[in-house]
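The structure appears below as structure tokens.
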Amino acid sequence: VGAHASGSLGENPRGIPNTLVPFVMQVAVGRRDQLQIFGADWDTPDGTGVRDYIHVLDLADGHLAALDHLNEGCEVYNLGTGSGSSVFDVIKSTEQVSGRSIPYEVVDRRPGDIATSLADPSKANRDLEWRADRSLEVMLADDRANYTKLAHLGQAMADAIRNVSKGHNRHRVIVQGV
């Protein structure tokens with residue numbers, strides 16, 4: 001989860017996102033009307049799915065730490081925070097960092113989903129002396145910066161195309177999928 005704090009580097013899935021954070025960010029910037037929550041009857045504190053979210057920069061730091069400890073053979077490390085956030089936690093935190101309400105609808109569970117999925121980073125913490133330090137709020141604020149920038153770029157492209165089609169600009173515009 002997350003992006004570079006500048007908003008210059010981050011994800012932008014095509015179509016309907018399969019994961020929560022890109023979907024909730026698209027709602028936060030107005031690209032989608034509402035979020036779908038797949039079940040609110042899970043055996044979790046608030047009934048929604050719980051996942052271990054890790055900031056992409058913490059993940060990158062974990063990979064660098066693993067590279068620093070390379071030796072012959074193979075080691076497996078779980079990178080994560082070791083704790084989870086529910087769908088409602090993510091919604092509430094997104095509302096705080098975006099200043100916007102996130103409308104949602106609870107729908108049926110998806111086949112194959114589970115209530116909780118957490119990493120056990122204890123081996124990475126111990127052997128690599130690595131920890132995921134960034135909070136959910138930091139992840140979402142950085143992701144919001146990325147999606148806000150994407151929304152402005154999309155609007156700027158749409159305006160440029162509209163101006164060209166109205167004859168306001170004699171320059172040729174070529175738009176490729178991002």
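The values are calculated or read from the model by the stated rules, or taken from the named source; none is laboratory data. Every value quoted in this text rests on a predicted model; they were computed, and no experiment measured them. When we count neighbours, we look across all protein chains shown, and the Cβ atoms used for this are built from the backbone with ideal geometry, even at glycine. Side chains included, ligands, DNA and RNA excluded: accessible areas come from the protein's heavy atoms. Shrake-Rupley method; radii C 1.70, N 1.55, O 1.52, S 1.80 Å.
Structure notes:
Condition check ((1) touching a strand residue (DSSP E or B) at 6+ places or on another chain (Cβ under 7 Å); (2) polar (S, T, N, Q); (3) at pLDDT below 95) across all residues:
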| site | (1), (2), (3) |
| --- | --- |
| VAL27 | yes, no, yes |
| LEU35 | yes, no, no |
| PHE38 | yes, no, no |
| ASP41 | no, no, no |
| ALA66 | no, no, yes |
| HIS69 | no, no, yes |
| GLU75 | no, no, yes |
| VAL97 | no, no, yes |
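- Each residue in region 41-75 was checked for being free of Cβ contacts under 8 Å to residues at least 24 places away in the same chain, open to solvent by 80 Å² or more (accessible area, probe 1.4 Å) and not charged (D, E, K, R), and 6 pass.
- Considering only residues in region 120-145 that are more than 14 Å from GLU75 (Cβ to Cβ) and in contact with a Ser or Thr (Cβ under 8 Å, 6 or more places away or on another chain), the one that is least open to solvent (accessible area, probe 1.4 Å) turns out to be LEU140.
- Residue within region 90-105 that is part of a loop (DSSP other than H, G, I, E, B) and more than 21 Å from VAL24 (Cβ to Cβ) present: no
- ARG31 passes every criterion in (1) under 21 Å from GLU11 (Cβ atoms); (2) outside any loop (DSSP other than H, G, I, E, B); (3) basic (Lys, Arg) apart from (2).
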